[in-house]
Each structure stands twice: as structure tokens, then as C-alpha cells.
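Report on the structure given below.
Every number here is computed from the coordinates shown, using simple stated rules; none is lab data. Please read all numbers here as calculations on a predicted model, not as lab measurements. Positions of Cβ are generated from backbone atoms using ideal geometry, with glycine treated the same way; all protein chains shown enter the neighbour counts.
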Amino acid sequence: MPHITLGRLALLTAMVALGAAGPAQAQSSGGGTVTYIPAHQEKMELADGTLMVRQMMKGVVVAEDASVPFHMSPQDCMGSNILGSDGMLIAGYGHCRGMDADGDVWFIWYNNSPDGNRWGFMGGRGKYEGIEGGGTTVANPPTADGRLVITWEGTWTMK
């Protein structure tokens, strides 16, 4: 058995401890757009006279920085918006699934309100396992056929 000095033992202990800590988690930030087309939509009048619009949308995430891992990824979303009798948004909630070119998947939630639109990561698989973060969106007016472009920004930490 080779002889280990105290100095070598200390160095070995430090290397193991650093390796056990894993790579440093770096926070990233960015923004871009998502362009959606409606896949399915249902409208239901609620008892209080408001309107619930349930939608399934298909989109493509475009990041301003092409090195963002989910740049140019397809995204499928499902959610519901509650509209007042004037057609204005009262509240909206939903979730989306995205898949990048490597086949890794992430999941987000979203909440739309007159005070602003927020989103956050719920988790993922592959490189998105343990992802955390979120941000805000701004929706542009939809086209006559229901297509929608939103602008997004946020921060996230990949584990």
C-alpha cells in the first residue's frame, strides 16, 4: 500500500470535496418571443356572465441569444382565460411543455392578469432536470385568425 503524506491526504480530501459539490450553478437570463397558433379553442359562458376561453396552442420559442438551450424549440401550451363582459382579461392560467433539439424537455406554468403576465419553470428532464426560474411576458394583439406573438424575459438556473 503506498504511503500517503498529510499533504497528499489534504489535497485528495479537497479534490473529493470539490468533486462532490458538482459544477457551479450559473444563473442565466434572456428574452425573446414565442409565436403561437391555436390548435383548439372552446368558449364557455360562466354563471356570473364572464366567459372562459380554454385554448391549446402550439408555438416556437425564439431567444434573442441563439446560445440559450431552448432557442428554436417547439412548445405546446394549454390554459384558460376568464374574460369580462367587455372582453377584457380577468385572469388566465395554464402550463406549457417544450422540447429542445436534443430531445430534452422542460415544463412551465403561466399566470396572466391585468396587472401583468408571469411564468416559471416547474421542472424538466435531461439538461433541464432541476431547472428553476421564471419571468414575465407581454402579449401582442392576436391576428384575426388567432395567431399570437408574445415577448418574454426571465432568469433561470440550470442544475
Review point. By a straight-distance test (C-alpha under 16 Å), which aspartates and glutamates pair with K127 as possible cross-link partners, with residues fewer than eight away in the same chain excluded?
Key: D100, D102, D104
Review point. Can you list the residues, at least 5 places off or on another chain, whose amide H is less than 5 Å from the amide H of G123, using H built in the peptide plane?
Key: F107
Point to revise | Alpha-carbon spread of segment 59-159, three principal axes, descending order, Å | key: 44, 24, 20
Practice item. Return the ratio Rg/(2.2 N^0.38 Å) for segment 26-115, where Rg is computed over Cα atoms only. Key: 1.26
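Stokes-Einstein at 4 °C, 1.567 mPa s, Kirkwood radius from Cα pairs: D for segment 110-159 in µm² s⁻¹? Before the final figure, lay out the partial values.
Working: Rh = 12.3 Å.
Diffusion coefficient, whole number: 105 µm²/s.
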Exercise for review: In nm, give the distance between the simple-model label positions of R147 and A101, each being 7 Å from the Cα along the Cα-to-Cβ direction.
Suggested key: 2.3
Review point. Taking segment 86-157, which GluC sites (Glu not before Pro) meet the DSSP loop condition and have no more than 16 other C-beta atoms within 10 Å?
Key: E129
Study note, to complete from the structure: Any lysines whose Cα falls less than 27 Å from that of K43, other than same-chain ones fewer than 8 residues away, would be K58
Check your understanding: What length, rounded to one decimal in nm, is gained on full extension from T155 through to E45, with 0.36 nm per residue of separation minus their alpha-carbon distance?
Key -> 35.9 nm
